[in-house]
Amino acid sequence: MGYFDLEEDWLTFEIMGKTIGRIQWTIVALLWIYIVYRAVFFAITEDEAYSYFLLKTNYWRALPGTANTHWLNTFFMRLFMWLPGADRPYKLRILSVCSWWVYAAAVIKLSDLFKNKWIGMAFFAAAILNPFLLLYFSLSRGYSTACAFAMLSLWQSALVIQKGEWRPAGWVPVFISASVAVLANFSFFYFFIGVTAAYLFHLFLRGDLRWLRERSARRWLILTGGTFLFAIGCLLFIKFRSKELEFVEYPDLVRSSFGSLVKESLWYDASSAPAMWMGALIFISLIFFSLISFYLYFRSGKITNSIFSLNVLVVIILSEVVFNMLFKTSFLYGRKALVIYVTLLPGVFGMMDKGSLKMFDGSRVVRVVMGLMIVVLCFNFYKRFNTKYFYELPIQADTEKCLDYLVHSNARNVGLGFYQRDVFVFYYSEAYPGRYGFRYQLVTESDLKNDPRFDHLLLSVPSDGKTGDLSRWRTELYYPATGAMVLGKK
């Protein structure tokens with residue numbers, strides 16, 4: 001009787017796993033449609049426009065010295081710009097859109113490793129439904145591709161750990177994916193350092209560092225050494241030559257790496273204080289989970305994929321502190337802190353899965369808690385769902401409409417606000433030469449007061465609208481959602 005019960009439970013578990021898999025792939029496909037729609041129909045952003053400008057004008061000398069252009073993203077932008085037709089934004093975003101499938105596949109494969117399927121589904125929801133992370137799969141930036149290959153690297157590490165494979169040759173795929181993540185975005189060099197340190201530390205504890213001297217380890221050594229030299233060389237050049245890494249979001253680790261990430265990922269636009277408190281809570285929880293993982297690790301001498309992920313994350317955070325002390329490098333913040341997010345999820349949810357099997361296996365507690373978490377994550381995604389403009393980057397979403405209006409209004413001398421001027425110079429004037437025949441100049445406060453030259457103004461409010469007296473102008477076009485407005489001389 002017991003045998004048949006066991007066989008029936010196994011069959012039920014297999015059927016449940018297949019059903020969950022179908023649901024997950026369906027959700028992934030629907031989200032991809034959402035990503036593609038935004039990539040095709042949403043206006044270009046300033047960061048994308050600057051990268052486009054460097055490529056369109058063949059300004060190759062500027063590429064190595066700017067933190068705005070990411071190497072892998074730059075290569076594919078240039079590649080897809082050769083496609084026939086105008087340089088519409090969707091061309092520049094093809095790599096990011098395609099990277100979604102790498103990311104989603106790795107997430108689904110990792111979620112399938114969880115013993116408790118409710119925790120696996122919560123992990124899936126946290127990884128897939130973060131609206132801030134989803135944003136970058138529709139943008140021509142390197143963050144989405146980096147997140148995709150970092151998650152792929154964590155899944156590959158889970159596979160080799162399950163096999164008990166620790167020879168360097170067996171870990172080459174893990175490090176290839178981590179290297180691609182670095183090429184996609186240099187902030188993921190922290191991830192590469194974490195993976196390397198966690199792997200070498202485990203070899204050290206096992207007494208297996210001798211494997212590094214074997215002939216089969218040469219590919220691994222060349223790969224890791226080459227990635228380290230390339231990344232360090234580029235980052236030092238950017239820091240000391242162009243000094244584009246000096247921006248500081250917050251001066252401390254918790255608010256910068258955790259608070260800013262939480263703030264960007266949540267739907268509300270009120271005071272940042274709740275996000276900072278939540279970021280601090282996540283940081284404290286991370287310390288708790290890390291201590292547990294280290295205890296289990298040193299007690300058993302065995303490593304699991306969740307422990308490995310947490311080890312990587314601890315090294316990332318320690319590297320932030322060390323680099324800040326030695327080179328005054330700012331802590332990871334906002335979009336750069338996404339490397340923390342994708343590394344944190346497998347570790348924390350994996351430890352929860354391990355704990356639930358011991359304390360709450362089969363109980364309703366885990367189902368209720370994970371179910372509520374999934375509902376909250378779905379609600380957060382719903383609040384940020386937007387099919388008109390990028391919620392986080394709305395300021396230039398209506399620029400093209402305003403520019404076309406100026407052309408149809410026969411504008412001759414146009415004053416452009418700072419944000420509108422940048423995206424016009426970097427993208428619209430280059431992508432559509434001859435389309436906009438008016439003369440333009442950056443608007444200053446004195447221009448708004450004396451209006452000596454302009455017959456029209458294109459501004460973003462409130463940022464540009466506060467620069468001077470607008471009483472001599474009439475509003476001809478205004479988009480309340482994005483703040484873009486066209487003013488004509490009275």
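Taken together, the values in this text are just the output of simple stated rules run on the coordinates, not laboratory data. Keep in mind that this is a model prediction, so the values were computed, not measured. Note: ideal-geometry Cβ built from the backbone for every residue, glycine included; neighbour counts use all protein chains shown.
Given a Förster distance of 51 angstrom, what is the FRET efficiency for T19 paired with R453, based on the Cβ-Cβ distance and rounded to 0.05? Result of the calculation: an efficiency of 0.15.
Take the Cβ atoms of L326 and T26, set R0 to 51 Å, and the FRET efficiency comes out at 0.60.
FRET efficiency for the pair V376 and K490, taken as 1/(1 + (r/R0)^6) with r the Cβ-Cβ distance and R0 = 41 Å, rounds to 0.20.
Electrostatic tally near E430: other residues with Cβ closer than 12 Å to its Cβ, Lys and Arg +1, Asp and Glu -1, net +1. Among I20, I222, I35, a tally of other beta-carbon atoms within 10 Å of each Cβ gives an order, fewest to most, of I222, I20, I35. Protection proxy ranking of 109-118, 137-146, by the mean of other Cβ atoms within 10 Å over each peptide's residues and highest first, is 137-146, 109-118. Among the trypsin sites (Lys or Arg not before Pro) in segment 296-328, those placed in a DSSP loop whose Cβ has at most 13 other Cβ atoms within 10 Å are K302, K328.
Under 5 Å from the amide H of Y478 lie the amide H atoms of V486, each residue being 5 or more positions distant or on a separate chain, with H modelled from the backbone and absent for Pro and chain starts. The phi-based Karplus calculation (6.51 cos²θ - 1.76 cosθ + 1.60; θ = phi - 60°) puts the 3J(HN,Hα) values of segment 281-296 at 5, 5, 4, 5, 4, 5, 4, 4, 5, 5, 4, 4, 5, 5, 5, 5 Hz, whole numbers, x for Gly and Pro. Remark: segment 88-95, residue by residue, has Karplus-estimated 3J(HN,Hα) of 5, x, 4, 4, 6, 9, 4, 4 Hz, where x stands for each Gly or Pro and the curve is 6.51 cos²θ - 1.76 cosθ + 1.60 at θ = phi - 60°. Taking amide H atoms as placed 1.01 Å from N in the peptide plane, the amide H of Y440 lies under 5 Å from those of V414, each 5 or more residues away in sequence or on another chain. Sorted ascending by nearby beta carbons within 10 Å, beginning with the fewest, I94, I232 become I232, I94.
Kirkwood analysis of the Cα pair distances in segment 34-120 returns a hydrodynamic radius of 14.9 Å. A straight chain from T444 to I284 at 0.36 nm per residue would run longer than the Cα-Cα distance by 52.9 nm.
Residue pairs exceeding 32 angstrom between C-alpha atoms, taken from K56/K263; K109/K263; K117/K263; K56/K109; K263/K354: K56/K263; K56/K109. Shown for H408, H456: other C-beta atoms within 10 Å of each C-beta, ranked fewest to most, produce the order H408, H456. Straight Cα distances below 20 angstrom link K239 to the lysines K328, K336, with same-chain residues fewer than 8 positions distant left out. If the chain linking S216 and I292 were pulled fully straight, counting 0.36 nm for each residue of separation and taking away their Cα-Cα distance, it would gain 23.9 nm.
Applied to segment 71-76, the Karplus parametrisation 6.51 cos²θ - 1.76 cosθ + 1.60 on θ = phi - 60° returns per-residue 3J(HN,Hα) values of 4, 5, 4, 4, 4, 6 Hz, with x for Gly and Pro. In the chain, a dipole from Cβ-located charges (positive for Lys and Arg, negative for Asp and Glu) runs towards its positive end, and of T57, M276, G488 it is T57 whose Cα lies farthest in that direction.
Over the residues of the chain, the helix contribution to mean residue ellipticity at 222 nm works out to -20000 deg cm²/dmol, using -39500 (n - 2.57) for each DSSP H run of at least 4.
Overall, segment 2-384 carries a charge dipole of about 740 debye about its Cα centre when +1 sits on the Cβ of Lys and Arg and -1 on the Cβ of Asp and Glu, all other atoms neutral. In the list [x] 75, 46, 36; [y] 88, 51, 45; [z] 77, 54, 50, the label attached to Cα extents along the principal axes in Å as derived from the coordinates here is [y].
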